[in-house]
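Down below is the structure, laid out as structure tokens.
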Amino acid sequence: MRDRLRHLIVKELIQMFRNPRMRFVLFVPPLLQLITYGYAFNLDIRCVATAVADLDRTQETREILRRFERSGYFCFQERVGRAADLAPLLDAGRIKLALQFDPGFTQDLRRGQPAALQILVDGTESNTAMIASGYANRILAQYNLELQRAAVGVPTTRSGVPTAEILRDRSPAVELRARAWYNPDLKSRNFFVPGVIGLVIMLVSLQLTAMAIVREREVGTMEQLLVTPLRPIELILGKTIPVALISFVDIALVTAVAVFWFRVPIRGSLLLLFVAAGLFLLSTIGIGLLISTVSRTQQQAMMAMSFFFMPAMLISGYLFPIANMPPVIQYVSLLNPLRHFLVIVRGIFLKGIGLELLWPPMLWLLGLGIALLTLSALRFRTRLE
Amino acid sequence: MRPARLRAVIRKEVIQIRRDPWSLGMAFAIPMLLLLLFGWVLTLDVNNLETVVYDQDRSQRSRDLLERFEASHYFHVRTRALGWGEVERALDSGRAQVGLVIPRNFARDLERGLVVPIQAMVDGSDSNTATIALAYIETITARYSAQVALQIAGSSGPPPAAVDARLRVWFNPDLESKDFVVPGLVAVIMTVIGGLLSSLTLAREWERGTMEQLIATPIRVSELIVGKLAPYVGIGMLDVLLAVAGGTLIFGVPLRGSFWLLLGFSLLFLLGAVGLGLLISARSRTQLMASQLAMVATLLPSFMLSGFASPIENMPQALQIVSYAVPARYFVTALKGIFLKGIGLRMLWPEALFLAGFAAVVIALTMQAFHKRLD
């Protein structure tokens, strides 16, 4: 049995590597994916294109604008003299946000009345809009805080706004010391790049498993394989072990690029990462086999794979936080091996945690893997007979 | 090009597609599934973040502050920790994404007029959620601080001045991510259908050996290409109708511009997408390779580099330049413009021009790449 199995594995590997274009296809797309995700997927907001219509032009408005500019989140690209000039800029997409001080703004402020600052935000990109308006609120809340503390008797500077130095220790205040753990600079690259490892393995192993088996059936060489003394279990192992080998090479490749090129910190154990990847492969190969049993042609296999892969990617927490999803979907996502693998990958890369905290997702992967493999192996056998 | 032969190729392709109801079903099921997921399930909005609190003071004031966090609906205070270790573990294990620590003597020190620090820890591994959460935390704390200062000073003087931020959001007033996502999704769906289905058609003929039969017929290359193009463009257009109907009727995404303009853009885009699929197909002899190439050449760029999922301005310069060659970029711009801003061809003509040019070039390349030869 061991001999027959070895021959089959060797045959599969030869078949995969014979064609130079195929060799290219096995390893370059994963890297390309990593690079595009690493570079293209950037939700960090640094420089929101902003226009200003300051119709009041006083020390106070200039102070507020200075705070916006100094924050680094807003880049003033246009200064216009009329409020009506803001709308065309937003329409054309030249700016994402506009600040408008109406005449009388400062007068209201000095009289102790709420002074309206109009903020217009382009909401087409809701995420950017939300973050940008969050920053704006934060800057104004800080400004208001200082104003109000000035109002309760803290000495102020000439412009009416107390400086931070004067304020300290004169009036009660809550000071926030906020820190982001695991990713102090809040780089979205650190969030997305480790996740790509999961995506890439899943895509490669699913596609290779499903297509390799369906191909034999479609081209007609499956019958030749069946007349050999190979037993079904040997056939399954012979088809899946090469896929697992190639997937591991891809994992090593992608991890190396993530660490050495993108400088994503890896704080936990590399060994644990590979063990988890092995467990994850059990599930993905199981699903690949399952797809191969329901498809007659490679086109069907490809469509079935997309049908599975896209939702699996979307409800894995790769991009969209699972906590935001409806409860039903959150439960469904527990059956998604990618979800558990991503928890492990991010835990190992960013948090540096080990088995003591990661055993639940590992256990899920193991259980899902065994269930899927058994199911597909049974179906596969009945399809053969 | 003879109409009779062309019709024959189209008929053969249609029969082949119809004989495989499973793939055809998938061609409609995948768009619906994506639409449902993006419309209902997926959102980057931040609310009810799991929060762990370590309140060392347990005073009226500390409870006041925590109540404000809770009342904002952005934070869901579930766990109350009794020590630092517990806070750390909650964040490590992912049970909580935000930790708040209020020091002992919080209330007393405030009464004394001191500046009292509170600590907030946010799980930064999801950088997007963390960024939004930090902004909320700062805003809530600053507002609370301002109020406490007034309370303690005994608000006897005139009411304090404040800048009142009047935020108005254009084009998508409720900041619903589905309004942003669904129009762009039409482009992704069409790439999936156009690219994936068509990329296998020629490769399949090679792999199964039926290409030789096709070569032996008097059919011309142009007839074969157009004949293969037409049915898939047809399926793609049906998908567009389905996606637009689903997006507007089920999810209430506004369609402010012209419906016909939208269809016109879709047709131009599909011609290019299906053409690219055929080009890949003509260049590869096995379906596995064709499908891998299709993923990389069509799906990846239209998902990543089109501005669908992540803003193009945030990308490095080199990728921004690459994105100019991605047709989905122009299509996504056109879709968002038509859906949300209601603008017309007067502003979108450069996009239309590019899409038409891309389709023409790709189809010409396919005809050149495909020879009626056996080698």
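Answer yes if at least one residue in the stretch B:214-233 is outside any helix (DSSP H, G or I), surrounded by 15 or more Cβ atoms within 10 Å (Cβ to Cβ), hydroxyl-bearing (S, T, Y) and modelled with pLDDT under 85, and no otherwise.
no
Give the number of residues within the stretch A:330-379 that are crowded, with 19+ Cβ neighbours inside 10 Å and within 25 Å of B:L49 (Cβ to Cβ).
20
Can you list residue pairs whose Cβ atoms sit under 9 Å apart, with the first residue in the stretch B:309-327 being closer than 23 Å to B:L268 by Cα and the second being at pLDDT below 80 and of a type in the set (D, E, K, R)? Count only pairs 6 or more apart in sequence or on different chains.
B:Q320/B:E313
Condition first: assigned to a helix (DSSP H, G or I) and loosely packed, with under 13 Cβ neighbours inside 10 Å. Can you find one or more residues in the stretch A:60-82 that meet it?
Yes, some residue in the stretch A:60-82 is assigned to a helix (DSSP H, G or I) and loosely packed, with under 13 Cβ neighbours inside 10 Å.
Just to be sure before I move on: is A:L140 buried (at least 21 other Cβ atoms within 10 Å of the Cβ), at the interface with chain B (Cβ under 8 Å from one of its Cβ atoms) and either under 30 Å from B:L42 (Cα atoms) or free of Cβ contacts under 8 Å to residues at least 60 places away in the same chain (or both) in the structure I sent?
For A:L140, the condition - buried (at least 21 other Cβ atoms within 10 Å of the Cβ), at the interface with chain B (Cβ under 8 Å from one of its Cβ atoms) and either under 30 Å from B:L42 (Cα atoms) or free of Cβ contacts under 8 Å to residues at least 60 places away in the same chain (or both) - is not met.
Residue by residue through the stretch A:323-353, note down the ones that are within 10 Å of chain B (Cβ to nearest Cβ) and either under 20 Å from B:F38 (Cβ atoms) or within 13 Å of the chain's Cα centre (by Cα) (or both).
Once the filter is applied, which keeps residues that are within 10 Å of chain B (Cβ to nearest Cβ) and either under 20 Å from B:F38 (Cβ atoms) or within 13 Å of the chain's Cα centre (by Cα) (or both), the stretch A:323-353 yields A:A323, A:N324, A:M325, A:P326, A:V328, A:I329, A:Q330, A:V332, A:S333, A:V343, A:R346.
Applying the selection to the stretch A:186-195, what residues are modelled with pLDDT under 85 and either assigned to a helix (DSSP H, G or I) or on the phi > 0 side of the Ramachandran plot (or both)?
A:L186, A:S188, A:R189, A:N190, A:F191, A:F192
If you take the residues in the stretch A:36-57 that are in a helix (DSSP H, G or I) and within 9 Å of another protein chain (Cβ to nearest Cβ), which one is modelled with the lowest pLDDT?
A:A40
Mind checking whether some residue in the stretch B:7-24 is surrounded by 15 or more Cβ atoms within 10 Å (Cβ to Cβ), under 26 Å from the mean Cα position of the chain (by Cα) and closer than 30 Å to B:A142 by Cα?
No, there is no match, as no residue in the stretch B:7-24 is surrounded by 15 or more Cβ atoms within 10 Å (Cβ to Cβ), under 26 Å from the mean Cα position of the chain (by Cα) and closer than 30 Å to B:A142 by Cα.
Looking at A:N183, is it surrounded by fewer than 22 Cβ atoms within 10 Å (Cβ to Cβ), at the interface with another protein chain (Cβ under 8 Å from one of its Cβ atoms) and modelled with pLDDT of 70 or more?
no
From the residues in the stretch A:256-267 that are touching a helix residue (DSSP H, G or I) at 6+ places or on another chain (Cβ under 6 Å) and more than 15 Å from A:S188 (Cα to Cα), which one is surrounded by the most Cβ atoms within 10 Å (Cβ to Cβ)?
A:V257
Give me the residue from the stretch B:91-116 that is within 17 Å of A:W181 (Cβ to Cβ) and free of Cβ contacts under 8 Å to residues at least 40 places away in the same chain and, out of that set, surrounded by the fewest Cβ atoms within 10 Å (Cβ to Cβ).
Checked the stretch B:91-116; the qualifying residue surrounded by the fewest Cβ atoms within 10 Å (Cβ to Cβ) is B:S93.
Of all helices (runs of 4 or more DSSP H) completely enclosed by the stretch B:313-375, which ones contain at least 2 residues that are at negative phi and surrounded by fewer than 18 Cβ atoms within 10 Å (Cβ to Cβ)?
So the answer is B:317-323, B:345-369.
Among B:A273, B:A282, which is assigned to a helix (DSSP H, G or I), away from chain A (no Cβ under 13 Å) and modelled with pLDDT under 85?
Going through B:A273, B:A282 in turn, the sole match is B:A282.
Name the residue that is farthest from A:M302 (Cα to Cα), counting only residues in the stretch B:22-54 that are touching a Phe, Trp or Tyr at 6+ places or on another chain (Cβ under 6 Å) and modelled with pLDDT of 85 or more.
Out of the qualifying residues, it is B:T51.
For A:V219, only one of the following conditions fails: (1) touching a residue at least 24 places away in the same chain (Cβ under 8 Å); (2) within 14 Å of chain B (Cβ to nearest Cβ). What is its number?
Answer for A:V219: the failing condition is (1).
Just to verify a result, which residue in the stretch B:299-332, among those that are within 21 Å of B:G264 (Cβ to Cβ) and hydrophobic (A, V, I, L, M, F, W, C), is farthest from the other protein chains (Cβ to nearest Cβ)?
Applying the filter and picking the extreme gives B:F331.
Might you let me know whether the stretch A:341-351 holds any residue that is in contact (Cβ under 8 Å) with a residue 40 or more places away in the chain, more than 23 Å from B:A130 (Cα to Cα) and either in a helix (DSSP H, G or I) or not polar (S, T, N, Q) (or both)?
No.
If we keep just the residues of the stretch A:84-128 that are among the small types (G, A, S), within 9 Å of chain B (Cβ to nearest Cβ) and part of a loop (DSSP other than H, G, I, E, B), which is nearest to B:G184 (Cα to Cα)?
This residue is A:G123.
Every residue in the stretch A:295-318 that is more than 7 Å from every other protein chain (Cβ to nearest Cβ), outside any helix (DSSP H, G or I) and either farther than 14 Å from A:E218 by Cβ or in contact with a Phe, Trp or Tyr (Cβ under 7 Å, 6 or more places away or on another chain) (or both), please.
Answer for the stretch A:295-318, where residues must be more than 7 Å from every other protein chain (Cβ to nearest Cβ), outside any helix (DSSP H, G or I) and either farther than 14 Å from A:E218 by Cβ or in contact with a Phe, Trp or Tyr (Cβ under 7 Å, 6 or more places away or on another chain) (or both): A:S316, A:G317, A:Y318.
Would you mind finding the one in A:V294, A:V328 that is out of contact with any helix residue (DSSP H, G or I) (no Cβ under 7 Å at 6 or more places or on another chain), assigned by TED's automatic domain parsing to the domain that holds A:F192 and of a type in the set (A, V, I, L, M, F, W, C)?
Only one candidate passes the filter, namely A:V328.
On the basis of being in a helix (DSSP H, G or I), within 13 Å of chain B (Cβ to nearest Cβ), farther than 27 Å from A:L97 by Cα and in contact (Cβ under 8 Å) with a residue 60 or more places away in the chain, does A:I9 make the cut?
Against the criterion (in a helix (DSSP H, G or I), within 13 Å of chain B (Cβ to nearest Cβ), farther than 27 Å from A:L97 by Cα and in contact (Cβ under 8 Å) with a residue 60 or more places away in the chain), A:I9 does not qualify.
Hey, does the stretch A:22-39 have a residue that's within 31 Å of the chain's Cα centre (by Cα), more than 21 Å from A:G195 (Cα to Cα) and surrounded by fewer than 14 Cβ atoms within 10 Å (Cβ to Cβ)?
yes
Take the stretch B:339-361 and flag every residue that is under 18 Å from B:V186 (Cβ atoms) and either within 14 Å of chain A (Cβ to nearest Cβ) or of a type in the set (K, R) (or both).
Of everything in the stretch B:339-361, those that are under 18 Å from B:V186 (Cβ atoms) and either within 14 Å of chain A (Cβ to nearest Cβ) or of a type in the set (K, R) (or both) turn out to be B:F339, B:L340, B:K341, B:G342, B:I343, B:G344, B:L348, B:E351.
The values are calculated or read from the model by the stated rules, or taken from the named source; none is laboratory data. Since this is a predicted model, take the numbers as computed values, not measurements. Neighbour counts run over all protein chains shown; Cβ positions are idealised from the backbone, glycine included.
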